[in-house]
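Participant: Here it is: the structure, laid out below.
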Amino acid sequence: MLSLGSGGGKTAKPSFVSYVSPEEIKKENVNDELKPHLLPGELVICEANTVVKYSREDSLQRGFYGKLVCTNFKISFLSAEQLLDEVDQSYRNKLMGENDISLHCVDQIFGVYDDKKKPLLPGAVKNKIPEKLLLYCKDFRVFHFGLTYTKEEDAKRLIRVIVHHCLNPTSLKCLFAFSYVGAAGGLKVGPLGIEGEPPTIMFETKNDWRDELDRTGGLLTYRIISSNENYKISTRLPQFFAASVSDDDIKKYKGKGIPLWCWSHPSGCALLKMAAFPETVDDNSSQMDKGWIDRQLQVLGETHPLNHTIKTEILSATLPTLQEIQASYSRFKQLFLPDNAAEFWESDVKWLSVLENANWLEIIRQCLKKALDIVECLEHSTSVVLVEENCSDLCCLIASLVQVIIDPHFRTISGFQSLIQKEWVMGCHCFLDRCNLLRNNDKEVSVFLLFLECVWQLLQQYPPAFEFTETYLTILSDSMYIPIFSTFLFNSPWQRDNNQMLDEDRRMRSRSLKLPSVWEWSVQFENSVQALFYNPLYIGKPKLDRFRRTQRIKDPELNCLEIVQENVLDMPEPQRQMSLPSSPSYHSRPSPKKGFFREETDHLIKTFLGKKISRWTPTAEDHSVNNRLFYENWRSKPIDLHGLLLPLHDGPALKIWGQRYLRWIPEVQIPGGGLTTTLNKACEIIDEIKTLQTKVSQCLLKRQPSSPNTDVFTPFHQSSRLSSTFPFGTLRRQSIKPRIPVSTNLSMSFGSMENLPDDEEDLGLL
């Protein structure tokens, strides 16, 4: 390991540079023998030796030297020294190693020239090569590579290749997924979902849609539409879907203005979504389109047996635009990309103000609030039609969120994956454009990530109600930037089924190739890693009927774990003590001029002082009062984890998704702490309960003692060193070599040298 200078940027230079001279480095040839792990179809484009990877764990003062390789799929750093120094990780990905970066995961590239960062754009590297190469990733990793000891020609060629393949526009047929599946000659992948779990419904056949209609108790007026089979009518519709209109109407308007079925409420009402007609200058056409939509809504109301009312919800009028979502997320993610420890501590002083200005939590709250409004309508037997211009962004978000809140089936792993297939993949969400996989512009809009954020908020508020963990959501968000899975590669099912690349390549046309789905988790992980997806606190729906539950005390197959889980339902929860403020104005839409935290401060002032400040009080609408009463009525009853779960959407209830955004920052790691400790203890208790359950069954049935039950849930305590960022953040053995102080900026952040902590433990670096 090398002891290096500062990591670049604003930090001050140390008093010395290296314990090892460049001549000694170049004598080492052990890294020349290292070969990258290549996937089928993956080719090495270029590589460079004696590249230094700075270590964040050592405050960027030391690092490992090795080989930096760029392929047509990833950027990979190889080092024999680092392999020997690492502690074994429990989190292993078959496709990507710890020091691998997918080309599509790279967000920004900077070069450091004389301690100054400059963005590297295509064609920017001509003469002078940078001293250091900085890669900012979309999964919030930051890589620092030193090029001081690298041959100039190798470094220049490597930078040009990385910049070209990470930033230049490309085409669909050049994505690595096609090389991957083509070289494999048809992948033999595992089942859709996790082994032993119900399969994920892909909604690619009529039977899939019919089964979902039957499961939700949909009315007979909704039928499976097959007139778009082979995409004969519209490429922006799936081949099969559910609706209550005739085939002639669908052909006439090509899917526009057609209320598409999403989900049916037990009361008979339904959640639907509809693509609005594009605005036209012709008044006659506009009136005709409006009349058509009115007739469709009237037909919907008449077909319900109880003559339910119909409400249209134009999402663009009440939710942020895609441009606002993009701008907010761009500001928000800068909070979690510090170059070094000094920059992290400097930003910590103004962290809350930057978070408020980013407005990301406010957007999350607006989405939760909108979902709550729609849930209230459905609970009061009012069908809701979500309306959006293309019906593939905010409609997907709100429709999915509403179903997670109402239907416990979508809080299981298989149900959640089926929901994404139904509302996002078959709903023609433009993953290819929204994730900017072709890099045609810099307008990446994280609508799907916003949905995962909202689900994470619900998971934090009601942990026992979800079968999956936040680790599952984090891994799912990371998989968006691995260009292999068909789930996130296309703008519609039509584009997936009819991409032009297969028609142009005769060699590939003769094969029956199918890109893997992200739900084929065996492509990425072993079963031991997939165990991290399961929430040990999850309380599954009892499978026993009422009669058996009354007789189970006499049942020799006594399920101790089920009894303990049901007792948890009767335990007081902190969330149950929380209720919405009595002020009706609190539920109205916040003023866009106010920030997230400022609005909460204003509310507290009015609550505690009992004063109504008219200029701060927005006008309350009638539905806000009804919404508050609906919420408070629900909160006054015991929470049914297998029923309706209304989200808390006020300021204090919303949190930062720490595992996703903070997992790579060593300064915020809590060794032996965080949620991991709680889940680890829960796993141990579950194992003890299962052991006792086996012993009780043996005693009641007078069986001979058998071998201990090996089917235990131990994904956490298989590792002896846990931290709050497990399984992503790694705790390495601390080096005994002396370290250079972080920087003079860190000293200044504590006011003076007298206030500087005596050791690293006080700094929170250990």
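The values are calculated or read from the model by the stated rules, or taken from the named source; none is laboratory data. Here the structure is a predicted model, which means the values were calculated and not measured. Cβ sites come from the backbone with ideal geometry, for glycine too, and all protein chains shown count toward neighbours. Quick note on the areas: whole protein, heavy atoms, side chains included, nothing else; ligands and nucleic acids left out. Shrake-Rupley method; radii C 1.70, N 1.55, O 1.52, S 1.80 Å.
Participant: Excluding G255 itself, calculate the net charge of residues whose Cβ lies under 11 Å from the Cβ of G255, where each Lys or Arg counts +1 and each Asp or Glu counts -1.
Facilitator: +4
Participant: Now for a different question. List, in order, the whole-Hz ³J(HN,Hα) value for each residue of the stretch 671-676 obtained from phi through the Karplus relation with A = 6.51, B = -1.76, C = 1.60 and θ = phi - 60°; use x for Gly and Pro.
Facilitator: x, x, x, x, 5, 4
Participant: Under 5 Å between amide H atoms, partner at least 5 residues away or on a different chain: which partners does I45 have, H built in plane at 1.01 Å?
Facilitator: Excluding prolines and chain starts, which carry no amide H, the hits are C70, T71, N72.
Participant: By how many nm would the segment from L629 to A80 grow when fully extended, if each residue of separation counts as 0.36 nm and the alpha-carbon distance is taken off?
Facilitator: 191.3 nm
Participant: Projecting each Cα onto the charge dipole of the stretch 364-491 (Lys/Arg +1, Asp/Glu -1 at the beta carbon, about the Cα centre), which of N491, L459, C396 comes out farthest on the positive side?
Facilitator: Farthest towards the positive end: N491.
Participant: I want the local charge near V455. Using Cβ-Cβ distances under 11 Å, sum +1 for each Lys or Arg and -1 for each Asp or Glu among the other residues.
Facilitator: Net charge around V455: -1.
Participant: Using amide H atoms built in the peptide plane, which far-off residues or other-chain residues are under 5 Å from I225 H to H?
Facilitator: F241, A242, A243
Participant: Please list, in chain and number order, the residues 5+ apart from T50 or on another chain whose amide H is under 5 Å from its amide H, with Hs placed from the backbone.
Facilitator: It is G66, by chain and number.
Participant: R160: accessible area at probe 1.4 Å, nearest 10 Å²?
Facilitator: 120
Participant: Hey, another quick one. Please give the Cα centre distance for the stretch 357-376 versus the stretch 415-472, rounded to the nearest Å.
Facilitator: 15
Participant: HN-Hα J couplings of the stretch 198-211 from phi, Karplus 6.51/-1.76/1.60, θ = phi - 60°, integer Hz, Gly and Pro as x?
Facilitator: Values per residue, Gly and Pro as x: x, x, 6, 7, 8, 6, 9, 10, 5, 5, 4, 5, 5, 5 Hz.
Participant: May I pose another question? Which ³J(HN,Hα) values, rounded to whole Hz and listed in residue order, are derived for the stretch 65-71 from phi using the Karplus coefficients 6.51, -1.76 and 1.60 in 6.51 cos²θ - 1.76 cosθ + 1.60 with θ = phi - 60°, glycine and proline given as x?
Facilitator: 9, x, 10, 10, 10, 10, 10
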